Amino acid sequence: MVTPIFIVATALGVGFAIGVLNKFGRNFTGALVLAALSFMTFISFQWFYALTFNNLSEAYVFTGGFKPPFAINLLMGQYESIATLMINLIGFLGAVYLYKSLKERGSDAQVVYLILIMALNVLVMTRDIFNLFVFSEITSVAIAGLILLEKGTRSISAGFKYIIATSVISTIFLIGIVFAYFITGTLNIDDFIGISLSTYKGGTIVVFLIMISAVLELKPFPANGWGIDIYEASEAGFSAIISAATTTASLFVLYKIMAFAGAEWNYYIALIGMITFIGSNLLGLKQDNTRRMLGYSSIGQVGLLITILGFKDILGENAPFIFFGILISHYFAKAGLFWLSGIINASNLKAWSIIRKKPILLFLMGTFIFALIGFPPFPSFFAKWTLVMDLVKTGNIVWVIGILLGSLFEAIYLFRWFGYAIKGDAEKTEEYKIEFHKIIPVWIVALSLYVLGYFIAQYNEFTSVINFIPLAFVALIFAIDFMPVLIKNTIAIIGMIFYFYTIYPQLDNLRLIFEVIFLIGGILALIAGYLHKGKRIGFYPVALLMYAGLTGILEAKTTLEFFYGWELMTAGSYFLIIRGKRSMTHALSYMLFSLAGAYAILTAFGIASVGQSTWSLSIINNIQYIPLWAYSLLIIGFLTKTASIGLHIWLPGAHAEAESDVSPMVSAILLKAGVFGIVLTLIGMGAENNQYSELVYVLGWLGAITALIGNLAAVFQEDAKRLLAYSSIGQLGYIVFGFAMMTHLGWLAAFTYTINHFMYKSILFLTIGAVVLRVKTHNMYEMGGLIKKMPFAFIAVLISIIALSGVPPLSGFAGKWLLYNAVILKGWYLQGAIAFFSGIIAFLYLFKLISSIFLGQLKDNHRNVKEISIWFIIPIYILIVGLMIFAAKPELILQPLGTMISQYFPEGGLNWNGGMATTSIGYWHGTHIMIIVGIMFAILFSWLAFLSRKAQKVKQFNIVYSGERPFTPETTHVSYNIFAGYNKALGFLVLPWITDFWTLTTNIVHDISGFVRRIYSGNGQTYLTHIVLYVVVIYFVFFN
Amino acid sequence: MNIDFTKLFFTFLGLMIVLNWGLLMSAIMRKIGARVAGRYGIPWFQPWVDLIKNYAVRSQITHGIMFYLGPVFRLSGGVGLFLFMPILFGSNLWSNFSFQGDLILILYFQFFGMLGMALGAGEGGQPHSFIGISRGLSQFTTIEVPMTLAVISLAVQYHTLSISEIVAAQQGGIMNWTMFTNPFATAAAMLSLLGAFGHSPFDLVKAPNEIPIGPPTEYHGTFLGVLRTNAAILHVVETVLFMNLFFGGASNWFELIIKSFLIYFWSVFVGMVFPRFRIEQSVVWFLKVPLILGIIAILLL
């Protein structure tokens, strides 16, 4: 084992050597720096490995051969080894990234850089408080030096402010140390711990001074104006080091000081962290400068880590896992983002659209952002999960809310930025070059995040159950993304078929229904993808990611697995949605609603785990602690996915703007994930002895109103896909309404709707999407008369709208009939009447959809359009066959469904006698009705065909129209605002006041952010005042 | 399903009776309307003449397959309603196929013809058809609201959705009729009937003189003949539905003719008195008094 003192010795030795050897050129000195850093990294790694895997005990190193207090001692324990490894690794990678930059600045800069890394190592390892002071000074000077080496007044000003601020902080620190020595006679941290410093007279003041300076070094909000400027002003490579390495060291210093400060500090530390986390992320909202925004994000993340330190006693043995899980994600991701910002060199967020010229950079950026927010499979996901679970379990729900709120703020600005990158208008078209030495470190940190995510998932028995096979498949598809669509699509379809085949025996009937919707539906939607030529870069990995998540939530045995799948699905669907044209804002609002919903679910899972000894998903069946709240949170979380009224504003745009074969994926399929969640929750609430009747009562009304508003809004759309999107909102309203009834029939109706909606909405979105591909517009009034050109599309739409509207004999009627029976037997008459009213409103938009597109007058520019693509016709007609089978033999589906529902609601099901279904009030024979209607229709058709056998087919415009031929189809085709009268009568119901509400909320948050931001005047004196005031305020708060 | 030819024969016979009674009834109503307006009016056999003329027209045109299917859908809708409706109480032979589906089937099967007709007319490409359809659909949504509430109220009252059983429950004297046992539901439904029959003030759909005759503007010859046939059947079947639900049903054809005449006359009577609503007026109208009556019918359960 190489003793850790060599970390310091190497850095110092090489530093001095460079002074002598610089005549060999800067390449030589640069290589020397790299060699030194790699050796330092090696030492740390060696210790880390030995301490972690070989059970080596921690080691003290005594400088000069004396024991304290006569000499300084360094400690290399497990945490120290991790922290120094992190610092040295990022130091090394940073040096690679900065290689040219340091070379240009000269060997002095190389030395300063090396000394900075060394100082950070010592900050971690030293056990001497004065030594700590000295090296924090060295750190400050080194950082200021690196900033001042940057050209430009901005960096000079920032560097100067930094020096001034840190010297004030150091002064406070030094005063504390002097007093500490005065009252205890020692400077050794271990001695402080032994003698419990705060019991001495004046000891609390000493601790306060030392503590406050350690906190101030971490740039707590709002006394951190000086700290943010340096992120913006220094070169990206330095910002990365400051954000990743310095932060790690400073947090470690705080950790050491907390060891002797006493437990009474924990609460205040947590509070300071929380204020910083929320405040800093709030301010991040208003930033349009990339580096500055990342600076806020860094400080915010540090705030979260400070909070975790404050909770370290409460979190117990999980504390290191949580702390390092979040720290490492932040550390890699933030370094990566800062480095990327140096490569892209676009200071304004909107200018980041140039990044997508190199899609692989976009992948890296996405990796970092998703890691920061805490998505799987990154370490932060598991850490945040454990943090929330433990905090809720220990009764700290308010803190959880704070953490999730701060995370949401952070997500807003990070995903907005990401949206600009993926979809923003490309303003600049200038080329940029990626230098090899700059991109390598970025790749290393990105891949490390994935690898660490995998390993951290093996942390203990409850996280190690994660099924990585679907993710591995996604990775495979990602690896072959350079191949043409034909190959990737085939592999994806085969993979999904194979996966379905292997997984379906393991699923119960409830899950099997959803698995069929998710995977078989997914396969059908993928078939349409054969239409695409070329490579369709980026589509297959994200589509499969969504399916991996969807199947993950079905296979989940534990709450963690469920949440893991849920987040994968969210990530995948976000990328699918943002692929559409003009999808930037819709994808953002989708992501934010999804995240907020996910946080609600996460909190609810935490509450559910209170008092339980297992993580099994079945714990939601027996929630012991504030169950009403837990169930409400779960339902709210899932309602964001079903887009119930109030939480629906993301849906219309997201579905309408998605690509033609993506719309069914995110509509017919994805929304069912929310339905599955609601089903699970309602099962958990207990069907038999339902104590939550108020909750489901509210849910029932919500479903009915959603159905009404969704359908009514669909009537007034001119964009065909938007119309279908609003229709989905309405349809999901029925489903929620049906489940909320909590009766056998209600559930049967809701499942019938779920299956039907999957089929007909897939057909409609696929068909309309395919038509849109042909006619190049979404606006129905620009189409018309397409029945002549696309008979197959017309028939598909005709059948699906008959099914959707619930007209017998097709399968939609089964849903209506069941719902009527259920409503009457349940006694929810008024809600039921609203739901049925909504069902009739559906006729309006369905008629508009089919007639505006396919009937009426063909437009001149569509005279040469062809039938929709065969690749769409195949899945559409497969689904139509399914729809027809359901209609002709409803018992094939309804009987097994009934058996399944009987587990939860044994009473009140359908009685089957052959094909005849009866309830206590009604009866219905689907097959016979189909036969009767079919025969009657055939007879009447033959009769009319016979009577009008000589009818002459006439051309377009040959109509009874005031004695003339209306040769302008635009004016003859009545489509635009066709329901104007209806709008005048009932349009007030669909005024966008919910959108207005969310807009107002957004504006208020942004205005607060803009207002608070003004405290950062850019004036160094103001910043100093902040520091002093902060100290005073904390003093008074702490000492009451 | 075993085929019972006796029953099929009776069903066909019933359809013919209903068709002819529907034609006669429409003649009588037109005659009444003419007399109210101070005209002499048509001879009583005029509908038959019209029908024969329409079926006999030699030159016909078509705009395409959906245009062709529109009247088929429409007539299937009318005949289908007849098939699923129990016509005479207590008679197995005159109950048609009503044992295959209940009241909900009837409610939703109404849309079968409407939707098909709307699509057929749509392919004609005639702007007036579109205008008529958009009005018709708009109006229909709110017509159904009081009707839905009334149906729910009835289903709860009688604890069945079977029309035959609802009729059975009303036997044994006039005071057992729903009209008296559940007056609010009856009132709500009878107001909604005004819209369903499309007489003034709710005749903006066809709006004679404004948009020729609305949806069927492009239809002529046999197509129109089919539509007229359907109208005759549909008027009777719908009155029979109301008769069954609210007025004790009928145990013989004579009773059916009297009751259906009176129910139909109610809409004609109102039509004689009130002028035409604009669409936004009629849409909202059903959400006022009829809706309140319907809600009262629900709340009184």
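A few notes on this one:
- Filtered residue count, the range B:266-296, keeping only those that are within 19 Å of B:ILE32 (Cα to Cα) and in contact with a helix residue (DSSP H, G or I) (Cβ under 7 Å, 6 or more places away or on another chain): 5
- Remark: B:TRP44 matches the filter, which requires a residue to be among the hydrophobic types (A, V, I, L, M, F, W, C), part of a loop (DSSP other than H, G, I, E, B) and touching a helix residue (DSSP H, G or I) at 6+ places or on another chain (Cβ under 9 Å).
- Some residue of the range A:358-375 being surrounded by 24 or more Cβ atoms within 10 Å (Cβ to Cβ) and not in a helix (DSSP H, G or I): yes
- Counting only helices (runs of 4 or more DSSP H) that sit completely within the range A:256-333, those holding 3 or more residues that are of a type in the set (A, V, I, L, M) correspond to A:266-284, A:290-310.
- Pair list, Cβ under 8 Å, 6 or more apart: the range B:224-238 residue in contact (Cβ under 8 Å) with a residue 12 or more places away in the chain and within 14 Å of chain A (Cβ to nearest Cβ), other residue part of a helix (DSSP H, G or I) and basic (Lys, Arg): B:VAL226/B:ARG74; B:LEU227/B:ARG74; B:ASN230/B:ARG74
- Test result for B:LEU23, more than 13 Å from chain A (Cβ to nearest Cβ), in contact (Cβ under 8 Å) with a residue 40 or more places away in the chain and either assigned to a helix (DSSP H, G or I) or surrounded by fewer than 18 Cβ atoms within 10 Å (Cβ to Cβ) (or both): yes
- Test result for A:PHE478, in the same structural domain as A:LEU764 (by TED's automatic domain parsing), farther than 30 Å from A:PRO896 by Cβ and either buried (at least 17 other Cβ atoms within 10 Å of the Cβ) or not basic (Lys, Arg) (or both): yes
- Selection over the range A:482-502 of residues that are of a type in the set (A, V, I, L, M, F, W, C) and either crowded, with 17+ Cβ neighbours inside 10 Å or not assigned by TED's automatic domain parsing to the domain that holds A:GLY522 (or both) gives a count of 6.
- Odd one out for A:HIS648, checked against (1) closer than 24 Å to A:LEU633 by Cβ; (2) part of a helix (DSSP H, G or I); (3) not charged (D, E, K, R): (2)
- Complete set of residues in the range B:119-134 that are more than 7 Å from every other protein chain (Cβ to nearest Cβ) and out of contact with any Ser or Thr (no Cβ under 8 Å at 6 or more places or on another chain): B:GLY120
- A single member of A:ALA421, A:ALA411 is of a type outside the set (S, T, N, Q) and closer than 30 Å to A:ILE607 by Cα, and it is A:ALA411.
Residues are listed down the side, and each one gets a yes or a no for (1) within 24 Å of B:TYR68 (Cα to Cα); (2) surrounded by fewer than 17 Cβ atoms within 10 Å (Cβ to Cβ); (3) aromatic (Phe, Trp, Tyr); (4) within 7 Å of another protein chain (Cβ to nearest Cβ):
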position	(1), (2), (3), (4)
A:MET936	yes, no, no, yes
A:VAL954	yes, yes, no, yes
A:HIS973	yes, no, no, no
A:ALA980	no, yes, no, no
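- Meets criteria (of a type in the set (Phe, Trp, Tyr) and modelled with pLDDT under 90) for A:TYR692: yes
- Check on A:ALA142, farther than 27 Å from A:GLU58 by Cβ and part of a helix (DSSP H, G or I): yes
- Some residue of the range B:280-291 being in contact (Cβ under 8 Å) with a residue 60 or more places away in the chain, more than 14 Å from chain A (Cβ to nearest Cβ) and of a type outside the set (Ser, Thr, Tyr): yes
- Meets criteria (of a type outside the set (S, T, N, Q) and in contact with a strand residue (DSSP E or B) (Cβ under 9 Å, 6 or more places away or on another chain)) for A:VAL974: no
- Subset of the range A:982-1017 [aromatic (Phe, Trp, Tyr), surrounded by 17 or more Cβ atoms within 10 Å (Cβ to Cβ) and within 14 Å of chain B (Cβ to nearest Cβ)]: A:TYR982
- Only one of A:TYR697, A:TYR726, A:TYR692 that is surrounded by 24 or more Cβ atoms within 10 Å (Cβ to Cβ) and aromatic (Phe, Trp, Tyr): A:TYR726
- Any chance B:ALA187 is among the small types (Gly, Ala, Ser) and modelled with pLDDT of 95 or more: yes
- Taking every residue in the range A:925-945 that is over 22 Å from A:GLY812 (Cβ atoms) and pairing it with any residue that is part of a helix (DSSP H, G or I) and of a type in the set (S, T, N, Q), at least 6 positions away or on another chain, the pairs with Cβ-Cβ distances below 8 Å are A:LEU940/B:SER76; A:LEU944/B:THR222.
- Of all residues assigned to the range B:111-131, none qualifies as being without any contact (Cβ under 8 Å) to a residue 40 or more places away in the chain, closer than 23 Å to B:LEU19 by Cα and more than 19 Å from the chain's Cα centre (by Cα).
- Those residues of the range B:66-118 which are closer than 30 Å to A:LYS953 by Cβ, at the interface with chain A (Cβ under 7 Å from one of its Cβ atoms) and not hydrophobic (A, V, I, L, M, F, W, C), in sequence order: B:PRO71, B:SER76, B:GLY80
- Taking the numbered list (1) more than 20 Å from A:SER44 (Cβ to Cβ); (2) touching a residue at least 40 places away in the same chain (Cβ under 8 Å); (3) not assigned by TED's automatic domain parsing to the domain that holds A:VAL33 in turn, A:VAL134 passes all entries but (2).
- Residue list for the range A:301-325, filter: closer than 10 Å to A:THR386 by Cβ and buried (at least 24 other Cβ atoms within 10 Å of the Cβ): A:ILE322, A:GLY325
- Residue in the range A:1022-1038 that is surrounded by the fewest Cβ atoms within 10 Å (Cβ to Cβ), counting only those that are of a type outside the set (A, V, I, L, M, F, W, C) and within 18 Å of A:ILE269 (Cβ to Cβ): A:TYR1035
The values are calculated or read from the model by the stated rules, or taken from the named source; none is laboratory data. Worth saying up front: this structure is predicted, and the values here are computed from it rather than measured. All Cβ positions, glycine included, derive from the backbone under ideal geometry; neighbour counts span all protein chains shown.
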